[in-house]
Amino acid sequence: MKTITVNVSEPVYGEFQDYARKVDRKTSELIREAMELYRQHYMHRTTSLRDCRPASVGGPILPITGEDDILGGMLDDARD
């Protein structure tokens, strides 16, 4: 295991110490666990867009006809 030095505010470290005493664990264990959770959640995400549920944003603002150029409207450019 690698030993590191991390600077944290006194109140934050104090909360870790208080909680560690309450759950009968070492403060360093809690900090290692917090780092591992961060690593898993933010650094090694395993989700993809396929895991996301679609969101409804409502219907079109204006009616769409067969003559409309939807891509041009989305890109907000005038195509003639």
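What to note about this one:
- Selection within region 9-67 - modelled with pLDDT of 95 or more and in a loop (DSSP other than H, G, I, E, B): SER9, VAL23, ASP24, ARG25, LYS26
- Within region 24-67, if we keep just the residues that are over 26 Å from the mean Cα position of the chain (by Cα), exposed (fewer than 10 other Cβ atoms within 10 Å of the Cβ) and among the aliphatic types (A, V, I, L, M), the residue that is farthest from THR5 (Cα to Cα) turns out to be LEU62.
The values are calculated or read from the model by the stated rules, or taken from the named source; none is laboratory data. The structure presented is a predicted model; accordingly, all values stated were derived computationally and were not measured. Please note: Cβ atoms are built from the backbone with ideal geometry, for glycine as well, and neighbour counts cover all protein chains shown.
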